[in-house]
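Notes for the one structure printed next.
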Amino acid sequence: MGRLCFGVDLGGTAIKLGLFDSEDGLLESWEIVTRKEEGGSLILDDISVAILKKIEERKISKEEILGVGIGVPGPVTSDGYVNSCVNLGWGRFDVAKELGNKVGMPVKVGNDANVAALGEMWQGGAQGYQHVVMITLGTGVGGGIIINGKIWEGVNGAAGELGHMPVVYEETETCNCGKKGCLEQVASATGIVKVAKRLLNETDKPSSLRRVQYISAKEVFDAAKNGDELANDVLENMGEYMGIALANVASVVDPEIFVIGGGVSKAGKILIDLIQKYYKTKTLFSTKNTKFALARLGNDAGIYGAAKMVLS
């Protein structure tokens with residue numbers, strides 16, 4: 001009976017791979033470049049070469065390996081089909097079958113955000129829980145839903161697209177998805193900067209941000225921590241919309257815990273406190289005590305979750 005598996009996190013610029021032992025956890029991790037030329041046709045070949053080379057280096061027999069898990073940046077249906085990975089040039093096709101044929105072992109595939117949520121459930125900020133919603137606050141806003149310890153992907157593979165929940169009804173600008181008023185437009189790093197610049201232009205309120213040439217989400221959080229009123233306004237705005245969005249999610253999913261990850265989560269406790277404050281005012285009485293935690297695995301969440309798909 002095998003006890004080893006590979007976890008793969010397929011990103012737009014790099015592919016992270018990990019070799020896992022079912023008892024000892026992560027044994028080794030490494031990266032290769034994502035070659036998006038020729039419509040992404042080189043990617044699965046590169047992954048298979050990397051895996052087979054590692055097997056040869058470590059003198060691992062195929063009998064020791066349970067399989068390969070892979071998270072991809074696009075919708076994945078319950079039957080394992082990737083609907084589309086626009087940034088990679090992929091249309092709809094069976095990644096599990098294609099990669100499985102190349103490596104000669106079973107392959108399981110999932111959406112990268114859902115897979116990261118599974119990783120946090122297994123060994124990260126949601127360890128010990130079975131009903132988890134993860135929100136990643138980075139350039140955009142992503143999400144993953146775990147129910148009964150399993151990824152919930154939805155019929156079209158679109159479950160967990162929390163960043164595109166319409167919550168800002170007065171928004172006039174268009175989101176990258178083509179709609180207006182998405183959570184991503186106010187809660188992502190990009191959205192925080194956009195709102196900060198808007199307030200700086202629309203008000204005369206004093207702010208240390210007026211002396212910053214290139215405003216970032218970190219600059220906004222740092223200013224808020226130092227008592228900057230305008231920066232606090234930006235974050236209160238973000239916290240309120242996050243509270244609304246997660247209250248809506250709780251009304252449908254009722255998770256045990258919300259895990260907050262992504263680059264913005266490096267702000268730490270101030271972010272959790274802000275979201276919780278507004279969540280408690282928006283949610284039902286029965287879900288007021290839902291736990292909140294910061295993600296712990298960082299950029300490794302994807303490979304952990306991919307491996308867990310195989311080990312489950």
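The values are calculated or read from the model by the stated rules, or taken from the named source; none is laboratory data. All values reported here derive from a predicted model rather than from experimental measurement. Neighbour counts are summed over all protein chains in view; Cβ atoms, including those assigned to glycine, are modelled from backbone coordinates with ideal geometry. Just the protein is used for accessible areas: all its heavy atoms, side chains included, with ligands, DNA and RNA removed. Shrake-Rupley method; radii C 1.70, N 1.55, O 1.52, S 1.80 Å.
Keeping the other protein chains in place, figure out the carbon and sulfur percent of the accessible area of the stretch 29-140, with a 1.4 Å probe.
Values: 2400 of 4980 Å².
Here it works out to 48 percent.
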Item to complete: Tell me which residues come under 5 Å, amide H to amide H, from residue 294 once H is placed; ignore anything under 5 positions away on its chain.
Response: 260
Worksheet item: Which distance in nm do the two modelled labels at residue 197 and residue 173 give, with both placed 7 Å along the Cα-to-Cβ direction?
Response: 0.6
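Over the stretch 147-231, with every protein chain in place, what whole percent of the accessible area is carbon and sulfur at 1.4 Å, could you tell me? Display every interim value, and only then the final one.
Details: 2460 of 4860 Å².
About 51 percent, which is the carbon plus sulfur part of the accessible surface.
Residues with beta-carbon under 15 Å from that of residue 140, excluding residue 140: net charge, scoring Lys, Arg +1 and Asp, Glu -1?
Working: positive: 179, 194; negative: 112, 161, 173, 184.
Combined, the nearby Lys, Arg, Asp and Glu give -2.
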Worksheet entry | Proximal charge balance of residue 208 [Cβ under 12 Å; K/R count +1, D/E count -1] | 0
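Working out 0.36 nm times the residue gap between residue 63 and residue 285, then minus their Cα-Cα distance, what length gain in nm do you get to one decimal?
Values: separation 222, 0.36 × 222 = 79.92 nm, distance 5.16 nm.
Difference between extended and current length: 74.8 nm.
List the residue ranges in the chain for DSSP H helices whose C-alpha atoms run 24 angstrom or more along the long axis and whose Kyte-Doolittle average is 0.5 or above. List each step's numbers first, then the result.
On the way: long enough: 229-253 (35 Å, 0.65).
The qualifying helices are 229-253.
If contacts are Cα pairs under 8 angstrom and at least 6 residues apart, what is the relative contact order of the stretch 1-155 in percent? Numbers along the way, then the final one.
Numbers: 291 pairs, mean separation 28.8, N = 155.
Rounded, it is 19 percent for the stretch 1-155.
Could you tell me whether the stretch 99-147 comes out rounded, prolate or oblate from its Cα gyration tensor? Rule is a ≥ b ≥ c as square roots of the eigenvalues, rounded for a/c under 1.5, then prolate if a/b exceeds b/c, otherwise oblate.
Working: a/c = 2.94, a/b = 1.61, b/c = 1.82.
Because a/c hits 1.5 or more and a/b fails to exceed b/c, the stretch 99-147 counts as oblate.
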Fill in: Residues of the chain: accessible area per residue with a 1.4 Å probe, Å²
46
